[in-house]
1. Can you find, among Thr245, Asn214, Ala202, the residue farthest towards the positive end of the dipole of the chain? Put +1 on the C-beta of Lys and Arg, -1 on that of Asp and Glu.
2. Could you let me know the centre-to-centre spacing of region 1-67 and region 263-284, using Cα atoms, in angstrom?
3. Can you compute the charge dipole magnitude of region 218-295 about its Cα centre, using +1 on each Lys and Arg Cβ and -1 on each Asp and Glu Cβ, nothing else charged? Give it in debye, rounded to the nearest 20.
4. Please report how far the C-alpha centroid of region 188-255 lies from that of region 80-118, rounded to the nearest whole angstrom.
5. Over all distinct Cα pairs, what is the inverse of the mean 1/r for region 244-340, reported as the Kirkwood hydrodynamic radius in Å?
6. Work out how far the C-alpha atoms of the chain reach from end to end along every principal axis, then list the three figures in whole Å, largest first.
7. Based on the Kirkwood radius over alpha-carbon pairs, what is the Stokes-Einstein translational diffusion coefficient of region 75-203 at 20 °C with 1.002 mPa s viscosity, in µm²/s?
8. Find the relative contact order for region 106-247 and round it to a whole percent, using C-alpha pairs within less than 8 Å whose residues are 6+ positions apart.
Amino acid sequence: MKALRWYAKRDLRYVDVPEPFPGPGQVKARISLAGICGTDLREYTDGPRVIAIDKVPLTIGHEFAGRVVDVGEGVSDLKAGDRVTGLCYWVCGQCYFCKKAMYNLCTSKGLIGASADGCMAEYLVAPRFTFQKLPDSVSDEIGAMVEPLSVGLRSVHQGNVRLGDTVVIVGDGPIGLCALLAARAAGASEVYVVSKHKNRGAVASTMGATAVINVNNGDPVKSIKDLTGGLGADISIDCVGNLETPQLSVDIARRGGTTVIVGASYNPATFYFRSLMSNEKTVVGSTTYFREPGMAVALLADNRIDLSRLITSKVPLKDAVEKGFKKLLDDKEDNLKILLQIS
């Protein structure tokens, strides 16, 4: 079968690999579409970051939609023909965190497309835990984006966003825009987006942002305070992950407010802790998800969330590097989510 394999930094290859078969507790799916994630882009430009070097060469990717073609021994709740999307990880089921159903904190968590072959291939074999069933009312295009939507939903849950809250999303990429939609679905009355790219900011406006603040047009902290009567946000959500945005996100939150960190740099950053302590602000992390994929599917099936504006284009898997990865890296103004057509 054909697959997109990571060999080294800036070295992705469209190659033939043996077709996999499911073992006990595993599911085999034929992949229809796979999304290019920010993690995939970082692995391409700067990896290995999360890729296990002893697994290289490795098929990358963890956002997908497809159809089950076979199941291994012990799998009884999925069958050939079922449409599926998936989580980016699987768990041990035995550690302290798994026993408390805190699956995203599993100490032995495996990562699709990082510690085992991912979904940018004709077939994916992974543990049953990884797969989420898709109803007929959710298309493959939308189903392939359940994973990033789940990240956005998790950030809103971690921030405890409630009816009437004012939320600020820092970041205009797919995760930031998914967090925008999640905050709206949670009942936030005002959702502002701090954006770096004019065209992405325009998309945010069409997706329900109360206002978009471009960082190139002045101090976003002052802008948010002006828009909120001097208070700031009840909850700010950092979906960028560079060295400056955690401090910015905390400064945007009101006194006693909460900042959720979704994006995080791989490098240490400085932080002015007095801005936290003297204003009794709370900072909380948000990593992947566990119950959110089921919620994401339900919201999409009921048309309570529309992800269609996030899709920039679909390109064949064989053209993934030139028309997918490089396009996303070179033209962030006009590209959000590029889906790879596999079957």
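1. My answer, from the dipole projection, is Thr245.
2. When both Cα centres are located, 34 Å separates them.
3. Values: 7 positive and 8 negative charges, 37 e Å.
Dipole size: approximately 180 debye.
4. Cα centroid of region 188-255 versus Cα centroid of region 80-118: 32 Å apart.
5. Details: mean 1/r = 0.0590 Å⁻¹.
About 17.0 Å for region 244-340.
6. 59, 43, 39
7. After rounding, the answer is 128 µm²/s.
8. Details: 196 pairs, mean separation 29.6, N = 142.
21 percent.
Every read-out reported here was derived from the displayed coordinates using simple, explicitly stated rules and does not represent laboratory data. No experiment lies behind these values; they were computed from the predicted model shown. Cβ: placed from backbone, ideal geometry, glycine included. Neighbour counts: every protein chain shown.
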